[in-house]
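Contents: one structure, followed by commentary.
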Amino acid sequence: MDQTSIVFNRDNLSPELKDLNSWPSVDPESINPQERDLYQKREDAIRLYIMGEPHKLITERTGVSRSQTNKLMKKCLKIHPDRRIFGFRGLLPFLRQRQHQRLAPIDSRSRKAGFSGSLGRLFSMYPLIKEKVDDAFLKRVKAGTVHESRMPVKTIHKIFVDACRNAGIGADQYPFRAQLVGQRGLSNYLKRLFDENFKEAVKARYGAATAKTLNTVGSGECKEEVSRPYQRVEFDGHLIDLFMVVEILTLNGDVNYEVIERVWLLTIIDSFSRAILGYVISMGTEYSQYDVLQTIKKSITPWKPRTFEIPGLHYKNGAGFPSGCIEQYSWARWNEMAYDNAKANLATSTITTLKHTVRCQVNAGPVKTPERRGILERWHHTLEENGFHRLPSTTGYDQFDVRRVDPEKAAKQHRIKFDHILELTEVMIANYNATPHSSLGYKTPLEMLRYYANQDYALINRIDSSEQIMINRLDYRVTVNVKGNLKEGRRPFIRFLDVIYRNDVLTNSPHLIGQKLTCYVDTDDLRTMMAYFPDGSELGVLVARGKWGITPHTLKMRKSINSLRKRKVLDYLENDDPIMCYMDFLRSQAHGSKKVAKQFAEAHKAGVMTPPPSEKPKAPSKPVSPPPVKETSINLLNRLANLKGMNK
């Protein structure tokens, strides 16, 4: 707010303005000695004025008159370009608080001097010229206008000169009378324009990527410094730079190796200890809100070591995940979770579950700003460089990466199997947690967590045994109607995705027919679901009828089977196992289809054991022998399991 026209009355000043300790200050020792005494007298006068001393006394002590004191107060209370008041900075001798404005006409006879302020006067007289210059420099989009990617000052000067000619400015007037046709003055103006509009100017001059960094790094409120484990965690999804294959035994008895394109790795990392708390592999084109919730669930529930098919593959000594290796972090939850603005992350159910089940704050951050999750982004880079990028079927960072050499062919040639990549990922991440980290003083993430667990155990926010059932809320939530008809002898049941679910409590509760139940479904295993009565009390675990309750399958598989059956592409009888029928169908469609290969991989990840085809296979016409390879994929994966360089 401009205070120029205000006559100040110290009695009416707000308490904030009377608090001189909050005013921007000045270092008198840095002032020119000849001007230091004048500044000190001005400061003394202002201090006495705010203290309520009479003007006569102020003039006697400092030599500053009443009118001068009023002018100085106006200068002190003006708004500085840094959006604060000038404060004591307004008392500096020879301070100019507004830009020079030329009023005198230009001498048409001069070509070298006397042009000070001429550009500002020209812009005030011809605002359209100023608008064209500003639009060109800041690349402001106007209808019918296309700007160069980064317009040089010489080009902007040409636009300026052409605009002056079109405005009717004569050859004996500025800028045509000035040396270099006003280019020096225009260059100085553009520097000021850059400073006054630096956010817009950086995007126009240096690109959107630089502007994004400018708007995120060092801007906004400072995040609370992380000082203990589980204070803040970071979540993000990362596309693994790798092609893999799925081994499919066809109905003819042949073995096909179908290629899978890149898959998602969803990870949660503790910002303090750098420990990976949990991860999920997602097969979709994009990961879903259910994948996000499953990652959170696996980071909280106790981890258990896996057994591996790859001979010789094993965890290093002390490797694992915090929830399974350190008792104090079993069922532990965090205070804040930082993630990006992906739609799956911003789903209402995701945010609600985080706030009510995990009881943590959520920090989505600006769009497309991985810098906000720098620890996790750096870990993804390390994992790729020391792991997946060393495999022959890597896609590299882009199509120009020299490590990318026909990744589809390499995946088939070296038999880089999806199942083996799952095992390798598990070992690499678990081993990373037991690898010394340079930023931790060369302690391992698990060692850091153990130390703080012993020191500040009371600060660990754990889910106690009475509340652990609430972890089911991280599953898929659905409301269903209880169906049944006692007149027809049909006991109560529920139907979810065309499959009937029951348990003893439900079948013996006919009064529930017609009521709604809330159920939580693990999207990785639909054989059971946890059900709750309308008042919120627990009903118990419901089990799917028939083979649906025996063979593991995911939400995606169930939906795919139902879709195929409705289109009469897939059919099965009452006693058939629909999941096995689905697998046989995929075998028949597998050749050359990356989509079917991913569906096969989804079944493998869910734990579906795929026996030989239900039809009797025909003998292959020719024996199938694997192509010669320099190094077997098994040996290569074993070498990568104990990575070097994961401690950065």
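The values are calculated or read from the model by the stated rules, or taken from the named source; none is laboratory data. It should be emphasised that the depicted structure is a prediction, and the values quoted were computed from it without experimental measurement. Cβ sites come from the backbone with ideal geometry, for glycine too, and all protein chains shown count toward neighbours. Remember, those area values only see protein heavy atoms, side chains included, never the ligands or the DNA or RNA. Shrake-Rupley method; radii C 1.70, N 1.55, O 1.52, S 1.80 Å.
Quick query: amide H of R527 versus all other amide H atoms, modeled in the peptide plane; which residues come in under 5 Å with a sequence gap of 5 or more or a different chain?
H553
On a 21 Å Cα-Cα criterion, which of the cross-link pairs K130/K154; K412/K594; K71/K130; K18/K41; K409/K556 come out too long?
K71/K130; K409/K556
On the protein heavy atoms, probe 1.4 angstrom, tell me the percent of accessible surface of the stretch 234-303 carried by carbon and sulfur.
Solvent-exposed carbon and sulfur of the stretch 234-303 make up 46 percent of the total.
Please list 3J(HN,Hα) in residue order for the stretch 397-404, calculated via the Karplus relation 6.51 cos²θ - 1.76 cosθ + 1.60 where θ = phi - 60°; whole Hz, with x for glycine and proline.
Values, residue by residue: 6, 7, 5, 9, 5, 5, 7, 8 Hz.
Skip the ligands, DNA and RNA, and give the accessible area per residue of the stretch 435-584 with a 1.4 Å probe, whole Å².
53
Might you tell me the accessible area per residue for the stretch 1-97, computed with a 1.4 Å probe and given in Å²?
64
Among rounded, prolate and oblate, which fits the stretch 270-312 when a ≥ b ≥ c are the square roots of the eigenvalues of its C-alpha gyration tensor, a/c under 1.5 means rounded, and a/b larger than b/c means prolate?
Judged from the Cα gyration tensor, the stretch 270-312 comes out oblate (a/c at least 1.5, b/c at or above a/b).
Applying the Karplus parametrisation 6.51 cos²θ - 1.76 cosθ + 1.60 with θ = phi - 60° to the phi angles of the stretch 516-529, what ³J(HN,Hα) value in whole Hz is obtained for each residue in order, glycine and proline being reported as x?
9, 10, 9, 10, 10, 10, 6, 5, 8, 7, 8, 5, 9, 8
How large a share of the accessible area of the stretch 350-449, in percent, is made up of carbon and sulfur atoms when the probe is 1.4 Å and the other protein chains stay in place?
52
Under 1.5 on a/c is rounded, so check that first for the stretch 22-65, then, if it is not, pick prolate when a/b is larger than b/c and oblate when it is not; a ≥ b ≥ c are the square roots of the alpha carbon gyration tensor eigenvalues.
Here the stretch 22-65 falls in the oblate category.
Quick one: which residues, 5 or more positions from D236 or on another chain, have an amide H under 5 Å from its amide H? H modelled 1.01 Å from N in the peptide plane, none for Pro or chain starts.
T267
Roughly how far apart, in whole Å, are the Cα centres of the stretch 496-551 and the stretch 315-334?
Each part's Cα centre sits 32 Å from the other's.
Can you order the peptides 444-453, 309-318 by their average number of other Cβ atoms within 10 Å per residue, highest first?
Order by mean packing, descending: 444-453, 309-318.
Amide H of L277: which non-local residues (sequence gap of 5 or more, or other chain) have their own amide H closer than 5 Å, using H built in the peptide plane?
Distant-sequence amide H within range of L277: I268, I269, D270.
Is the stretch 403-462 best put as rounded, prolate or oblate by its Cα gyration tensor, with a ≥ b ≥ c the root eigenvalues, rounded for a/c under 1.5, and otherwise prolate when a/b is larger than b/c, oblate when not?
prolate
Counting only heavy atoms of the protein chains, get the accessible area per residue of the stretch 245-329 (1.4 Å probe) and round it to a whole Å² value.
For the stretch 245-329, the per-residue accessible area is 37 Å².
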